[in-house]
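Enquirer: Following this message is one structure expressed as C-alpha cells.
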Ligand code: NAD
C-alpha cells in the first residue's frame, strides 16, 4: 500500500522511521538521562508507530536550566521585536512547507481524519503568524503625574515557562502556547501528552530550522505524573500553562504554589448547545451533529449537551440522529471518513462505560452505542434522548462521540440548565431573535459563546474557562497578558 500512498503520508512514515525521537534540550536532540523510551501507538490499527525518549525529573532539570540560560542570553533577551517576529514567521513557513506531512503524522498519532488534521495544520501556522504580528505591539503605559515625577509601566516576559498539553489536538495546542510565549520573549519547556508526542517533536525540528536560538524551546515528552509534575513543581519555572483535565489541573495548581508560578489552566467542559424554535433549524441540526462528533468528540469545547426547546425537540432530535447516522467511522486516511478512532483502549473503554451508564440511568439510546470493529478504538456516534441534566452522561465530560439531548420549556429554563454544570468553557445559542441572542450570551457562564454557529475559531478569540473549566485565557490579546508581567516605575525628576 505504501507504494501508492500520497506524498505527505509517505513523508510522515519516513520521518517516523528515521532517526531516534529524542528530547530537545538546549538545541540538541538527546536521549533521556535514564535511557528509557516509550511506545506511541496508532489508535486506528493498534500498531506501534515508534518509540520516543521518556524523560524524567532529571531531564526536566536539564531542560529548565537550558531555558534559563537561553532566557538570560543576549541572543534572545537582547533582540528587537521585529527580529523575534521573523522567527515566528519562519516557523509558520516551515509548517506550511510540510503541511501534508504534519497532517499525516497527526492523523497517525491521534487517529483523527486527514480532513480534520489538515485544518489543524493550517490553524497552527496561522497562530504563529498572528503572534508574529504582536511582537512589536506589546506596550507599556505612561501615566499622568505632577511635574516632579515620571511614572510609567513596562511589560516584560515571564521568564521560563512550563507548557503542558493534552493529547487531543497536539499541534494547535502547542502553537497556542509556543507562539505567544515566543512573541513575548520567554523561553520554554514543552511537554506533549504521552499518547501523541510526534507532531510536537516534528514541530521542534521546524523551530530549530527557523533558527530559534538553542534552549529557547525545549521539549520533554514523558508521563504526566513524573515529567508534568516535575515541571509544575520546579523552583526555577516562572509560569505554567496547562491544558488537560480538571482533576490534573487541580494538582498543577497545588504543585505550582511552591514558588508561586503564574498559572493558566485550560480544563474540561460540558458545553451546552441551545436551540430555540425560531432558529434556522436546518443549519442548527447540521452543526449540532458535528459539534459532538468532530475529532470523535475529543474536544474540550464539544457540544455534548444539546438543549432543545420542547416545541421542536422531536424534530431536532430526529434531524441530529439522521445527520450523525450517515457519518462514516473509519480509517483517518480514507477521504470519506468523518470519525476516526478514540486515542486509546482506555479512552474507548471509558466512553463505552459512560454509554452503559446512560442506558442504566434511563436515557433513550437513539443512535449508536457500540464499538466499531475489533481492531482500533472506534466508537459509533451515539445519541441519547430524554436525558435530564442530573444524569451522569449530562454532568461528566465523556470525551467521546456521545450526545445528550435535553429539553427546555422557556428561556429561563434554558439558562438554568445551561449553567447547571461545574464547567464553563463554551456554549452556543441558535435563534433568529437578536435580543434573545444577546440576553442568552450575557446569562451563560462560559468563556466562549457562539451564536448561530459552533466550533468556529479565530486566533483573535481567547479561550478559557468560567468555573472549573480553568482560569486565565489562551489566544487573542489575552495571551500577551498571560505571557508577560508588568513593572511599574516611578522616577523622581
Ligand atoms: P490529562 O489531564 O490527563 O493530561 C493532560 C496533560 O497533563 C498530559 O500531558 C499529561 O501527561 C499531563 N499530566 C498528567 N498528570 C499530571 C500531573 N500529575 N502533573 C502534571 N502533569 C500531568 O488530560 P488528557 O486526558 O490528556 O486530555 C483531556 C482533557 O483535556 C479533557 O478534560 C479536555 O477537556 C481537556 N482539554 C481542554 C482544552 C481547553 O482548551 N480547555 C483543550 C483540550 C483538552
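Each value in this text was obtained by applying a stated rule to the coordinates, not by laboratory testing. Bear in mind the structure is a predicted one, so any value in this text is a computation, not a measurement. Cβ sites come from the backbone with ideal geometry, for glycine too, and all protein chains shown count toward neighbours.
Enquirer: On a 0 to 90 degree scale, rounded to 10, what angle separates helix 246-256 from the longest Cα axis of the chain?
Expert: 20
Enquirer: Please list, in order, the residues from the stretch 468-493 whose amide nitrogen is less than 17 Å from a point placed 7 Å along the Cα→Cβ vector of residue 151.
Expert: Answer for the stretch 468-493: 486-493.
Enquirer: Between residue 236 and residue 115, what FRET efficiency comes out of the Förster formula 1/(1 + (r/R0)^6) with R0 = 51 Å and r the beta carbon distance, rounded to 0.05?
Expert: Calculated transfer efficiency: 0.75.
Enquirer: Here's something else I'd like to know. Note down the nm distance, to one decimal, between modelled labels 7 Å out along Cα→Cβ at residue 461 and at residue 477.
Expert: 1.8
Enquirer: Taking the Cα-to-Cβ direction at residue 345 and at residue 392 and moving 7 Å from each Cα, how far apart do the two end points lie in nm?
Expert: The two pseudo-label positions are separated by 2.2 nm.
Enquirer: Sequence gap at least 6, Cα distance under 8 Å: using those rules, report the relative contact order of the stretch 79-211 to the nearest whole percent.
Expert: The value is 31 percent.
Enquirer: Rounded, prolate or oblate: which fits the chain, taking a ≥ b ≥ c as square roots of the Cα gyration tensor eigenvalues, rounded meaning a/c under 1.5, else prolate when a/b beats b/c?
Expert: Note, shape of the chain comes out oblate.
Enquirer: At 0.36 nm per residue, minus the direct Cα-Cα distance, what do residue 314 and residue 451 gain on full extension? Give it in nm, one decimal, please.
Expert: Values: separation 137, 0.36 × 137 = 49.32 nm, distance 2.21 nm.
Here the segment from residue 314 to residue 451 would lengthen by 47.1 nm.
Enquirer: Find the centroid of the Cα atoms in the stretch 197-262 and in the stretch 348-388, then give the distance between the two in whole Å.
Expert: A separation of 34 Å, based on Cα centres.
Enquirer: I would also like to ask the following. Would any residue of the stretch 212-227 have its amide N under 17 Å from a label point 7 Å out along Cα→Cβ of residue 58? List them or say none.
Expert: Within reach of a label on residue 58: 220-223, 226-227.
Enquirer: Specify the angular offset, from 0 to 90 degrees and rounded to the nearest 10, of the alpha carbon long axis of helix 198-209 from the longest principal axis of the alpha carbons in the chain.
Expert: 30
Enquirer: At a 10 Å Cβ-Cβ cut-off, how would you order 62, 388, fewest neighbours first?
Expert: Ascending number of Cβ neighbours within 10 Å: 388, 62.
Enquirer: What is the calculated FRET efficiency for residue 436 to residue 326, with r their C-beta to C-beta distance and R₀ = 35 Å, to the nearest 0.05?
Expert: For R0 = 35 Å, the calculated efficiency reads 0.65.
Enquirer: Arranged from highest to lowest average of other beta-carbon atoms within 10 Å per residue, in what order do the peptides 199-209, 183-193, 46-56 appear?
Expert: Details: 199-209: 22.3, 183-193: 27.1, 46-56: 19.1.
Packing proxy ranking, top to bottom: 183-193, 199-209, 46-56.
Enquirer: Further, regarding this structure: Say each of residue 225 and residue 375 gets a label point 7 Å from the Cα, pointing the same way as Cα to Cβ; how far apart are those two points in nm?
Expert: Once both label points are built, they end up 3.2 nm from each other.
Enquirer: Angle check, please: helix 345-360 long axis (alpha carbons) against the longest principal axis of the chain (alpha carbons), in degrees 0 to 90, nearest 10.
Expert: Orientation of helix 345-360: about 40 degrees from the principal axis.
Enquirer: Follow-up. Expressed as a rounded percentage, what relative contact order does the stretch 265-365 have, with Cα pairs under 8 Å and six or more residues apart?
Expert: Computed over the stretch 265-365, the figure is 25 percent.
Enquirer: For the stretch 1-63, give the share of DSSP beta bridges that are antiparallel, in percent and rounded to the nearest 5; count only bridges with both residues there.
Expert: Antiparallel bridges: around 90 percent, rounded to the nearest 5.
Enquirer: OK, next. How high is the relative contact order of the chain, in percent, counting Cα pairs under 8 Å that sit 6 or more residues apart?
Expert: Reported as a whole number, the value is 17 percent.
Enquirer: I've got another one for you. Per-residue ellipticity at 222 nm for the chain, helices alone: DSSP H runs ≥ 4 residues times -39500 (n - 2.57), over residue total, nearest 500 deg cm²/dmol?
Expert: -12000 deg cm²/dmol
Enquirer: Sort 148, 488 so the one with the fewest other Cβ atoms within 10 Å of its own Cβ comes first.
Expert: 148, 488
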